[in-house]
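The values are calculated or read from the model by the stated rules, or taken from the named source; none is laboratory data. Computed from a prediction, not measured in an experiment: that's the story for all the values here. Cβ sites come from the backbone with ideal geometry, for glycine too, and all protein chains shown count toward neighbours. When the accessible area is computed, the model is the full protein with side chains, heavy atoms only, and any ligands, DNA or RNA have been set aside. Shrake-Rupley method; radii C 1.70, N 1.55, O 1.52, S 1.80 Å.
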Amino acid sequence: MFENLPKRVHIREVGPRDGLQNESVFVPTEVKKEFIQRLAAAGVSAIEITSFVNPKWIPALADCAEIGSRFSDMPGIATNALVPNMKGLEGAEQAGMKDISVFMSATEAHNKSNINKSIDETLRQFETLVPAAKARGMQVRAGLSTAFGCPYEGETDVRQVVRIVRALRGMGVDEMGIADTIGVADPLQVQRVLEQVLPICPVQEVSLHFHDTQGTALANIMVAMEMGITHFDSSLGGLGGCPYAPGASGNVPTEHLVYAFERMGIETGIDLEKLLEVGVYMQQVLGHPLPSNGLKAYLGRKQRAATTAVKAAAAAAI
Ligand code: MG
């Protein structure tokens, strides 16, 4: 069991975009900048920084041009941004982005509610958008939401996932991001879906995006790693929540992955303690607890250490 685990994995931190987009109040641009800088200082080498969407749709990301321009060129760090259409692509280009992500859903109802188009309409739009990004020298990732389950349609038909992956590959996308947007997948379903996807997409060009709504994310990732996947999305502190289940956990926390990988001897390049300190900072500036159990445990250890130090100082004073 687990004989093919990789020596190194690549974690893409999605907190600054996927995470902060779900905050109920606008997070100041300066806080976003500090967040990204601190992540980089902790050794995170791939960061999803923003989305070039119309601010009328997503006011939380109205500062995309400023964030994009500031971080499109970070030595040694791959920063990417979401792009929904040609206007977004122009914005990303002006900001100097070299990596972009297009995104759609594997189920009709979710695609309709998220981007107000049918799946075929979206694919037709991407037939122009993806080559236009490639012509600008950009790396293009395609994110496929609800690839395992949908809040409206239930379990996703894997044939639909295969059809969309094949179409996107045909357009020249560099990476396929397969997402469990509502966190319903289990390890055997992950195996079934990957068995269908890997014959049509090279394993090193597949990344996975798990939510931990049911606590299955790390188990899913173990199965995916055993099948050769080495690229995973996660968000610090589990930032992001789940838009369909108020109070439920969102993205799998980056610190859970770094902790587990480190113990198994799988390199991430990320310093766990520094990363957790970024979590402490974000929890302070956002003014509410983040869902991650790993961060809660770290905060508990810090508090105990502080209490012990105060007691020791008091005893010394006596
Ligand atoms: Mg997510």
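Taking the criterion of being within 14 Å of the ligand (Cβ to nearest atom), more than 11 Å from Ile270 (Cα to Cα), out of contact with any helix residue (DSSP H, G or I) (no Cβ under 7 Å at 6 or more places or on another chain) and at pLDDT below 95, would at least one residue in segment 20-41 satisfy it? Yes, segment 20-41 contains a residue that is within 14 Å of the ligand (Cβ to nearest atom), more than 11 Å from Ile270 (Cα to Cα), out of contact with any helix residue (DSSP H, G or I) (no Cβ under 7 Å at 6 or more places or on another chain) and at pLDDT below 95. So, of the residues in segment 278-308 that are among the small types (Gly, Ala, Ser) and out of contact with any helix residue (DSSP H, G or I) (no Cβ under 6 Å at 6 or more places or on another chain), which turns out to be surrounded by the most Cβ atoms within 10 Å (Cβ to Cβ)? The selected residue is Ala297.
Residue count for segment 112-161 satisfying the condition of being out of contact with any helix residue (DSSP H, G or I) (no Cβ under 8 Å at 6 or more places or on another chain), part of a helix (DSSP H, G or I) and small (Gly, Ala, Ser): 2.
Counting the residues of segment 227-246 that are away from the ligand (no atom under 12 Å from the Cβ), in contact with a helix residue (DSSP H, G or I) (Cβ under 9 Å, 6 or more places away or on another chain) and either farther than 16 Å from Thr268 by Cα or modelled with pLDDT under 95 (or both) gives 2.
When restricted to residues that are under 17 Å from Leu208 (Cβ atoms) and in contact with a Lys or Arg (Cβ under 7 Å, 6 or more places away or on another chain), segment 138-172 contains 1. If the condition is being within 16 Å of the ligand (Cβ to nearest atom) and free of Cβ contacts under 8 Å to residues at least 40 places away in the same chain, then segment 163-177 contributes only Met176. Of the numbered criteria (1) more than 16 Å from the ligand (Cβ to nearest atom); (2) of a type outside the set (Lys, Arg); (3) modelled with pLDDT under 95, the one Tyr259 fails is (3). The residues of segment 178-203 that are within 16 Å of the ligand (Cβ to nearest atom) and either over 15 Å from Ala217 (Cα atoms) or open to solvent by 60 Å² or more (accessible area, probe 1.4 Å) (or both) amount to a single one, Val184.
Taking the options Ala147, Ala135, Ala109, name whichever one is surrounded by 17 or more Cβ atoms within 10 Å (Cβ to Cβ) and either of a type in the set (A, V, I, L, M, F, W, C) or in contact with a Gly (Cβ under 9 Å, 6 or more places away or on another chain) (or both). Please lay out each step first, then the result.
Working: Ala135 fails: surrounded by 17 or more Cβ atoms within 10 Å (Cβ to Cβ); Ala109 fails: surrounded by 17 or more Cβ atoms within 10 Å (Cβ to Cβ).
After applying the criteria, what remains is Ala147.
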